[in-house]
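The structure under discussion appears below in the form of structure tokens.
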Amino acid sequence: MITIRSLRDVLRLFFIFRREVQITVVATFAIIVLGAFLLPNRYESTALLLVKPGRDTSTVPIELADRQSIAVPSALRDPLLDEERMLTGRPIIRRVAQRYMEKLAEAPKPSGVFAAIKNAPGAAFRAIIDVIRSGLEMVGLVEARSPEERLAEDLEKNFRASHEPGSSVMELTFTWNDPEVAQAVLKNWVDEYGNERARTLGRVNLYAFYEQEVKDTQANILSHKHDIQTLLDQLGTVSIHQRMADIAQGLNDLRTERNNTARSIASTKAGMDKIQEQMNKQTRLISSGKELALNPSRQDLQNRINSKEVERQELLRSFKESAPPVQALDNEIKNLKALWSSQATTVQRTENIAPNPLFTRLQNILNDQQASYTRLLVQREQLDAQLAQLEKDRTQALDLEPRFSRLQSELNAEEKNFILYTDSLEKARIDRELDNKRISNIAIIEHATLNPSRVFPKSLLMLLLAIPLSLGVGLLALYLFYLLDQRIHDGDRIEAQFGVPLWTSLQDTTVAQPHRNSAFIASLYRLYSVLPLKQVPDKGLSIGLTSAHSGEGVSFVVEHLRALLEEHGHSVRVEAGRAAQPGEIQLIAASDFYANQQAFVHLRDADLIVLVVRAESSTLPMLQNALTTLTTAFKRVDGIILNRRRFEIPESVLAWIGRFRRHH
């Protein structure tokens with residue numbers, strides 16, 4: 001555990017893992033150098049094929065291309081992907097492997113001592129591989145395969161076909177351990193691809209197929225036309241659609257006229273009923289002349305009222321208004337006035353009687369409406385008869401229409417097929433001639449090349465990059481070691497991680513430099529400043545120093561702390577068994593509490609419990625376990641002392657860095 005804060009901490013980290021980093025750098029450098037000289041050479045042969053647009057590379061078959069309304073492709077696909085897949089297919093690879101094994105068997109065996117020595121390691125390695133493979137096949141871990149299949153797999157691994165997006169040129173690359181063999185294999189591969197492609201895509205029977213389909217389609221067209229003509233003769237028309245349109249038009253016209261006639265009948269009937277109602281309200285005879293005179297009864301009553309008024313005036317001379325004779329006379333006058341008001345003013349003396357002209361006119365109109373009503377009823381009957389005949393004709397046409405439509409659809413399809421088959425017949429004839437003459441849309445624009453320059457390994461480049469790569473791997477290894485290292489080198493994060501304060505870090509005194517001794521004394525004084533010395537005069541102070549394992553430096557710390565306390569005039573006792581007295585400081589050395597069970601007994605009466613940890617030997621899990629044990633036993637740990645802390649950077653390096661800073 002080390003905190004990286006500056007370049008000096010990085011240097012410390014390097015010197016901590018210097019041996020491991022050196023081994024990593026040297027091993028990486030050795031591997032690169034040995035690989036530059038010992039790795040098997042690989043040579044590459046390339047070829048370029050131009051895929052010209054044509055039916056062979058079309059992603060839409062003939063049927064879809066000719067019938068776009070039936071099926072439309074949802075997306076475009078690169079046709080060169082199919083060509084690359086065909087190039088790397090198993091049939092072609094097996095043929096290439098067979099040819100390679102045949103030529104290998106025919107090739108003369110190298111002779112001579114040098115050739116034997118050169119081929120001996122490879123032969124021994126292959127023999128070992130064969131023995132291992134046989135053993136694995138025997139126990140059933142791998143399947144038994146023929147040499148041809150294994151060779152085909154090796155060829156497939158070393159072959160690559162690619163193309164740039166939007167380009168029609170395929171780039172073929174084959175890598176092998178011999179440039180001439182690589183060229184021969186790639187050339188053989190291209191030849192086998194052409195033969196396999198011609199055999200797979202060849203349209204040998206396509207011309208005969210289209211020729212027979214043209215004849216069959218033509219016969220079907222004639223048969224459908226004859227059946228359609230028979231149906232038209234049965235209907236007596238030249239077109240069933242025109243016939244149905246005429247019938248539909250006639251039905252619409254007749255139904256419109258019948259609806260109008262029905263409305264006329266209803267309106268005529270309503271008019272006749274209204275005229276009859278008006279005639280019932282009229283009289284047949286009317287008065288043409290009358291003679292009128294004043295009503296004599298009314299005149300007589302008027303005279304009697306006048307005489308009673310005179311009589312009343314005469315009574316008022318003798319009686320008051322409320323006298324009975326006057327009141328009786330008033331009642332009589334009142335009754336006479338009521339009778340007089342009920343009488344008509346004039347009376348008819350003579351009257352002339354004649355026929356009513358309005359009644360006569362209504363009678364004539366009614367007779368006309370009855371005649372029109374009868375005519376409309378006859379007209380409706382005629383329209384119903386005509387509608388029935390048209391409905392019968394329409395029913396007959398509808399019965400024949402599905403059959404006619406089917407025949408017409410089949411005829412249209414056959415006519416379209418005839419056109420397509422005729423066009424395809426010509427295309428098939430052209431394709432047949434192209435196949436016969438081995439003409440394809442694949443052109444070789446660059447034959448298999450012979451490249452004597454190896455593509456792997458790049459020995460010179462590897463040697464040039466050996467040192468930088470080794471250093472880079474070393475830095476990576478240094479970082480991995482830093483991540484995996486659990487040792488405690490300094491105490492920066494101890495208090496933050498474990499919650500226990502770090503009292504001091506004591507430097508390793510095995511280094512004899514004076515400034516290192518000064519740092520050690522400073523660390524002791526820091527430890528001295530942490531101690532609660534104010535309580536010593538009153539009740540004394542007992543300090544228990546312990547460690548998880550032996551060799552952590554508990555005795556070393558106790559001895560130096562005792563000497564420092566005595567220099568400052570304190571009474572110090574280094575023993576256990578009794579409590580510290582007032583004015584006395586007791587130091588309890590209880591190391592290796594895992595093996596020494598008495599350590600817990602000695603620490604029981606200690607006022608302060610301090611855990612001593614040795615730098616670069618103790619790890620974080622060990623410290624965690626030790627703190628957990630002490631906390632479980634005493635419920636506290638007051639502090640941690642990191643002992644024998646080392647500053648790993650050599651003095652010469654620090655001096656050089658100092659001189660470099662002063663000069664810059």
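Readers should treat all values here as calculations from the given coordinates under stated rules, not as data from a laboratory. All values reported here derive from a predicted model rather than from experimental measurement. Here Cβ is always computed from backbone atoms with ideal geometry, including for glycine, and neighbour counts include all displayed protein chains.
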If you build the convex hull over the alpha carbons only and average its shadow over all orientations, what do you get for the range 486-663? Give it in nm² to one decimal. 11.5 nm²
Given charges of +1 on the Cβ of Lys and Arg and -1 on the Cβ of Asp and Glu, with all other atoms neutral, how large is the dipole of the range 530-603 about its Cα centre, in debye to the nearest 20? 220 debye
What is the range 513-563 by shape, rounded, prolate or oblate, if you read a ≥ b ≥ c off the alpha carbon gyration tensor as root eigenvalues and call it rounded for a/c under 1.5, prolate for a/b larger than b/c, and oblate otherwise? oblate
Mind giving me the FRET efficiency for residue 396 and residue 429? R0 is 45 Å, r the Cβ-Cβ distance, nearest 0.05 is fine. 0.40
Cα-projected label distance for residue 581 with residue 18, points at 7 Å along beta-carbon direction, nm: 5.3 nm
Step through the residues of the range 296-308 one at a time and calculate ³J(HN,Hα) from phi using the Karplus curve (6.51 cos²θ - 1.76 cosθ + 1.60, θ = phi - 60°), rounding each to whole Hz and writing x for Gly and Pro. x, 5, 5, 5, 5, 5, 5, 5, 5, 5, 5, 5, 5
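Compute the FRET efficiency between residue 281 and residue 389 as 1/(1 + (r/R0)^6), taking r as their Cβ-Cβ distance and R0 = 35 Å, and round to the nearest 0.05.
0.15
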Give me the net charge of residue 146's neighbourhood, meaning all other residues with Cβ under 14 Å from the Cβ of residue 146; Lys, Arg count +1, Asp, Glu -1. -2
What list do you get for 305, 588 if you sort them by fewest beta carbons within 10 Å? 305, 588
Inter-part gap, Cα centre of the range 361-389 to Cα centre of the range 456-486, in whole angstrom, is 117 Å
Could you give each residue of the range 459-476 its phi-based ³J(HN,Hα) in whole Hz, using Karplus coefficients 6.51, -1.76, 1.60 with θ = phi - 60°, and x for Gly or Pro? 4, 4, 5, 5, 5, 5, 8, 4, 5, x, 5, 4, 4, x, 5, x, 4, 5
Just grab the label-to-label distance for residue 378 and residue 447, each label 7 Å out from Cα along the Cβ direction, in nm (one decimal). 10.7 nm
Dipole magnitude of the range 486-663 about its Cα centre (Cβ charges: Lys, Arg +1; Asp, Glu -1), debye to nearest 20: 420 debye
Label point distance in nm, residue 461-residue 480, each placed 7 Å from Cα along Cα→Cβ: 2.5 nm
A chain fully extended from residue 294 to residue 173 at 0.36 nm per residue, minus the present Cα-Cα distance, gains in nm 29.1 nm
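For the range 205-325, give the magnitude of the charge dipole about the Cα centre (Cβ charges: +1 Lys/Arg, -1 Asp/Glu; no others), in debye to the nearest 20.
1260 debye
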Grab the beta carbon distance between residue 635 and residue 571, set R0 = 30 Å, and tell me the FRET efficiency rounded to 0.05. 0.55
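In nm, what is the difference between 0.36 nm times the number of residues separating residue 361 and residue 266 and their Cα-Cα distance?
Gain in length upon complete extension: 32.0 nm.
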Hey, any idea what Rg/Rh is for the range 465-556, computing Rh the Kirkwood way over Cα pairs? 1.15
